[in-house]
Amino acid sequence: MSQQPLHILVVEDEPDQRSLISQMLTANNYLVSEADSVEQAILLLKESVPDLVFSDWKLGQLSGMDLLTYVRREHADLGFIIATAYGTITHAVDAMQAGADDYLSKPYQRQSLFMAIEKVAKSLKLKQHNKRLASELSQQQELVGLVGKAPCMQKVYTRVQRVSATDATVLIGGESGTGKELAARALYQLSPRRNKPFIAINCGAIPESLAESELFGAEKGAFTGATSQKIGKLEAANEGTIFLDEVAELPLLQQTKLLRFLQEGVISRLGQNSEIKLNVRVIAATHRDLKVEVEEGRFREDLFYRLNVVPIEMPPLRERQEDIGRLIEHFLKIHGGQYGLEAVNLSTTTMKALLDYPWPGNVRELSNRIERFVLLGDEDELVAELTQSPSVIDAKAFTLPETGFEWEEFEKDCLQQAMQRHDGNRTRAAKQLGLSYKAFLYRLEKYQLTD
Ligand SMILES: Nc1ncnc2c1ncn2[C@@H]1O[C@H](COP(=O)(O)OP(=O)(O)OP(=O)(O)O)[C@@H](O)[C@H]1O
Ligand SMILES: [Mg+2]
């Protein structure tokens, strides 16, 4: 039994009988309230809900069955025991069928009353426990802006929720458009630092020469063009959170400074000798495989371990196909609202095409497509390119020249053409060549076509 006394509402129209039961229960440490009719019982239930109702069957014009019906409709989890007159076993059967937890036929022994109460109390506790478990286990469909209930997303939510309360450094990985930034923001929103600054910096978008002052700040005159003192992003994020997006692109020199900050909590502005102590929670993200970057000497191994305290991997959309429908609905609503346009339903064929598509640009690509569809209302356009997959060149139709040919020149040329055709969009270019994003990037880097 719980620490609090069980609260029982006794409903009995016979005054002597009612006070006898009440006294008996009170003496056994139950908390008791009394009602002499169904009407009064309902009034009391509206004021405060007990754990259990013990009601007589016969109650003036109405009966305990009427009360039972009311209770089951309004308070599904309330215990209910009914007392039936001698020889009216059919009443007991009716009551049990209508959802009573137990019945006692009159006259009953004190002991039977207590036993019935204990039995019901126990099953109530079990019911509550199961309900709590069920609600804990019920799948979460969203987490601060992140839509999706696939098992791989549940794992992300659990991790985000777990580490949000701490200051642990988090490294978010995943392909482009999988929601890395959204996850970083969710982490921040759920953290105790939510009312402090959230400063996002895209390490891939700052020119190398400015990276240092952008991140760590600079004293006046520290470099040509530094006409006044500059506060860096880390300093601006003091007490709050910094989001280092595309952290793999950070130049090696700044990696060293960042490492120092992560180890010692201090920075110094460019051109400054003294140190500034900061309290900043770091969240980093990258679409690259940092282990490969480390192996190839582009990323400091010690920094990788410092950042990778808690890794969170955002799953690609093709691995959570069950979420596509939910995301489509989400974006129809969002973009519809944004442009003040009525959301339109999609035909089954369109839906099927959208569900079957592998989404190389992940959620961002889906969002963009739905946005265009909301604006243009053209379902054909929405699915037009989705069904186009790269054609397989018939190897037999191509004869290798006797003299051979420069394979690598050919490959490089294909890469360049694909990049040109898609205005530098790597995801699309990769798709046109039938390559995974990683395989494509590997080749771009091999031919030094990344700039
Ligand atoms: N689970 C999701 N639920 C709802 N919207 C999402 C989800 N994931 C991503 N988005 C949306 O898709 C777009 C891309 O997400 P985001 O910028 O977080 O991805 P990213 O992984 O940081 O991509 P990139 O590597 O290209 O920077 C955003 O508009 C974001 O709101
Ligand atoms: Mg991003």
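The values are calculated or read from the model by the stated rules, or taken from the named source; none is laboratory data. Keep in mind the model is a prediction, meaning the values are calculated, not measured. A quick note on method: Cβ atoms are made from the backbone with ideal geometry, for glycine too, and the neighbour counts reach across all protein chains shown.
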Inset, instruction - Restricting attention to segment 185-219, report how many residues are surrounded by 15 or more Cβ atoms within 10 Å (Cβ to Cβ) and within 16 Å of ligand 2 (Cβ to nearest atom). - result: 10
Inset, instruction - Just need a number here: residues in segment 145-184 that are touching a strand residue (DSSP E or B) at 6+ places or on another chain (Cβ under 9 Å), more than 16 Å from ligand 2 (Cβ to nearest atom), under 18 Å from His330 (Cβ atoms) and touching a residue at least 24 places away in the same chain (Cβ under 8 Å). - result: 4
Legend entry - Residues of segment 26-42 that turn out to be touching a residue at least 24 places away in the same chain (Cβ under 8 Å) and within 16 Å of Leu113 (Cβ to Cβ), as a count: 6
Inset, instruction - Scan segment 178-207 residue by residue and report those that are among the small types (Gly, Ala, Ser) and either more than 24 Å from Thr158 (Cβ to Cβ) or not in a helix (DSSP H, G or I) (or both). - result: Gly179, Ser191, Ala200, Gly204, Ala205
Legend entry - Options Phe243, Phe304: the member that is more than 16 Å from ligand 2 (Cβ to nearest atom) and aromatic (Phe, Trp, Tyr): Phe304
Legend entry - Residue that is within 30 Å of Thr224 (Cα to Cα) and away from ligand 2 (no atom under 16 Å from the Cβ), where the choices are Leu327, Leu262, Leu355, Leu375: Leu262
Inset, instruction - Inspect segment 48-59 for any residue being crowded, with 18+ Cβ neighbours inside 10 Å, without any contact (Cβ under 8 Å) to a residue 40 or more places away in the chain and farther than 22 Å from Gln4 by Cα and give the result as yes or no. - result: yes
Legend entry - Extreme residue, nearest to Leu290 (Cα to Cα), among residues of segment 416-451 that are over 37 Å from the mean Cα position of the chain (by Cα) and part of a helix (DSSP H, G or I): Lys446
Inset, instruction - With the checklist (1) among the aliphatic types (A, V, I, L, M); (2) at pLDDT 95 or above; (3) closer than 24 Å to Pro192 by Cβ in hand, flag the one item Leu259 doesn't pass. - result: (3)
Inset, instruction - Quick one: in segment 321-352, of everything that is in a loop (DSSP other than H, G, I, E, B) and among the polar types (S, T, N, Q), which residue is surrounded by the most Cβ atoms within 10 Å (Cβ to Cβ)? - result: Ser347
Inset, instruction - Using the structure shown, decide if Val280 is crowded, with 18+ Cβ neighbours inside 10 Å and in contact (Cβ under 8 Å) with a residue 60 or more places away in the chain. - result: no
Inset, instruction - Scan segment 265-301 for residues that are part of a helix (DSSP H, G or I) and within 16 Å of ligand 2 (Cβ to nearest atom) and jot them down. - result: Leu290
Inset, instruction - Considering every residue within segment 261-284, establish whether at least one is in the same structural domain as Ser176 (by TED's automatic domain parsing), out of contact with any Asp or Glu (no Cβ under 7 Å at 6 or more places or on another chain) and within 15 Å of ligand 1 (Cβ to nearest atom). - result: yes
Legend entry - Flag if Arg318 is more than 16 Å from ligand 2 (Cβ to nearest atom), modelled with pLDDT under 95, under 17 Å from Ser176 (Cβ atoms) and not in a loop (DSSP other than H, G, I, E, B): yes
Legend entry - Subset tally (residues that are of a type in the set (S, T, N, Q) and within 22 Å of Asp36 (Cβ to Cβ)) for segment 55-111: 7
Inset, instruction - Might you let me know whether segment 70-84 holds any residue that is free of Cβ contacts under 8 Å to residues at least 40 places away in the same chain and more than 23 Å from Lys127 (Cβ to Cβ)? - result: yes
Inset, instruction - Tell me, please, whether a residue that is at pLDDT 90 or above, buried (at least 18 other Cβ atoms within 10 Å of the Cβ), not assigned by TED's automatic domain parsing to the domain that holds His422 and not in a loop (DSSP other than H, G, I, E, B) can be found in segment 379-401. - result: no
Inset, instruction - Output the number of residues of segment 239-269 satisfying the condition of being within 25 Å of Tyr188 (Cβ to Cβ), surrounded by fewer than 17 Cβ atoms within 10 Å (Cβ to Cβ) and polar (S, T, N, Q). - result: 1
Legend entry - Meets criteria (assigned to a helix (DSSP H, G or I), away from ligand 1 (no atom under 12 Å from the Cβ) and in the same structural domain as Gln263 (by TED's automatic domain parsing)) for Leu171: no
Legend entry - Test: Phe299 is within 20 Å of Ala211 (Cβ to Cβ), touching an Asp or Glu at 6+ places or on another chain (Cβ under 8 Å), of a type in the set (Phe, Trp, Tyr) and without any contact (Cβ under 8 Å) to a residue 60 or more places away in the chain: yes
Inset, instruction - Would you point out the residue of segment 101-134, among those that are aliphatic (A, V, I, L, M) and out of contact with any Leu (no Cβ under 9 Å at 6 or more places or on another chain), that is modelled with the lowest pLDDT? - result: Ala134
Legend entry - Residue list for segment 288-307, restricted to those being surrounded by fewer than 18 Cβ atoms within 10 Å (Cβ to Cβ) and either more than 19 Å from Lys438 (Cβ to Cβ) or assigned by TED's automatic domain parsing to the domain that holds Arg364 (or both): Glu301, Asp302, Tyr305
